[in-house]
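Visitor: Quick one: structure below, then a few questions.
Read the figures in this text as sums done on the coordinates, not as results from a lab. Predicted model, so just to flag it, every value in this text is computed and none were measured. Ideal geometry is used to build each Cβ from the backbone, glycine not excepted, and the neighbour counts take in all protein chains shown.
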Amino acid sequence: MQIANGTYPAGLGEPLNAILSAESDARVLDVNSDKGGFLNYMLSTSLGEECFGQHYGDLQSANLGDGQGNATELEVLRWNYGDPYIGTCRETFNGGLHLRYWRQNTTGAFFMAVSEELDLASNHLIASNGYNLGRDHFVGNLTNQSTVVPTLNLTNTSTYIGSTTWANYTYETSVKYLSGLLQNSSEGINHPE
């Protein structure tokens, strides 16, 4: 099974740097914002759908290794600054955590490209080391860490466990950093610094 290290179009892609396992609760693997689904789970981490449902950037595609070729991203989620209703509008202007996601057809796993992006005036360029920082910000939010996940000290055995809550659903999350699942390369990646 060959999975691309990043998204397409070539040269403008982002690294696939997080996976939500297909062994997760079936409700979480359903793309919805009610019934405890994936979008509700993301709201528990302060990520929400784009400002007023508007998306002006290019849609990315990725090969998820399921024999289906390149799949188009399902959606972009943005940091909502603690306001689930219009906070993602603020992220559009101020920058922050940014997540694209895809669902693998064969297993139901979610593949994600997570990053910290700069503000609109900076054309949403990726912050320095923004792919790792974004991934680790996301992990910290998923597991409700009280301190920042230390990007420079992570190893192949680093783990984080914690819980978040949204709309009367509590999500217990266990994260394990693993190497080798996806290619480790900046080839074809936008803003690789």
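Visitor: As a check on your grasp of the helix formula, calculate [θ] at 222 nm for the chain: sum -39500 (n - 2.57) over DSSP H runs of n ≥ 4, divide by the residue count, round to the nearest 500.
Guide: Calculated at 222 nm, the ellipticity per residue is -4000 deg cm²/dmol.
Visitor: What ranking of His98, His124, His137 emerges when the number of other C-beta atoms within 10 Å of each C-beta is taken as an exposure proxy, fewest first? Before the final figure, lay out each step's value.
Guide: Values: His98 25, His124 16, His137 22.
Starting with the residue having the fewest Cβ neighbours, the order is His124, His137, His98.
Visitor: What is the Cα convex hull volume of the chain when expressed per residue in Å³?
Guide: 116 Å³
Visitor: What's the exposure ranking of Thr151, Thr45, going from fewest to most Cβ atoms within 10 Å?
Guide: Working: Thr151 14, Thr45 24.
Arranged by neighbour count, lowest to highest, Thr151, Thr45 become Thr151, Thr45.
Visitor: When Ser21, Ser61, Ser146, Ser46 are ordered from fewest to most other Cβ atoms inside 10 Å of their Cβ, what list results?
Guide: Ascending number of Cβ neighbours within 10 Å: Ser146, Ser21, Ser61, Ser46.
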